[in-house]
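For reference, the structure is listed below as structure tokens.
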Amino acid sequence: MTRPQETCDWEALRALAHEAMRHAYAPYSGYPVGVAALVDDGRTVSGCNVENASYGLGLCAECGLVSELQRTGGGRLTHFTCVDGNGDVLVPCGRCRQLLYEFGGPDLLLETPEGVLPLARMLPQAFGPDHLTK
Ligand code: THU
């Protein structure tokens, strides 16, 4: 698989998300999701949703992605994409926008069905780490 470039090869990043989606465990919703992101040191991270018989405990794909980010050395997310079971670009849910904000901030670029947008547009007036130090 091609490695996304520093400038971001969105197609390659989407391919990584698609590959992650194939590992989803989504027997309850039947809605597999895959995500992938570029990190500021050139690394890529990805994740898939993992559901649970206790429905409310299901993990969104973004949970796996931020976990991999931390496990593999931390850093800041710079570019992010999310795909559904058909490989179509999907918007991250509200809770996951907050997860992404923690590790990418307002300038994180998201691929959305309406084009590439900064997270500041997808999560306006975000609550974040800065509030806790004020
Ligand atoms: N899902 C994600 O993994 N990420 C999102 O941003 C949107 C929703 C998952 C959660 C659940 O397993 C399935 O999609 C249906 O909601």
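Every read-out reported here was derived from the displayed coordinates using simple, explicitly stated rules and does not represent laboratory data. All values derive from a computational prediction rather than experimental measurement. Here the Cβ is made from the backbone with ideal geometry for all residues, glycine too, and neighbour counts use every protein chain on show.
Assorted remarks:
- For the chain, the relative contact order is 19 percent, taking Cα pairs closer than 8 Å that sit 6 or more residues apart in sequence and dividing their mean separation by the residue count.
- Cut-off under 5 Å, modelled amide H: who pairs with residue 112 long-range: 117
- Positive-end residue, the chain charge dipole about Cα centroid, Cβ charges, pick of 44, 132, 65: 132
- Within the chain: Cβ-based charge dipole about Cα centre, in debye rounded to nearest 20 (Lys, Arg +1; Asp, Glu -1): 280
- Residues whose amide H falls under 5 Å from that of residue 23, counting only those 5 or more places apart or on a different chain, are absent, with hydrogens built in the peptide plane.
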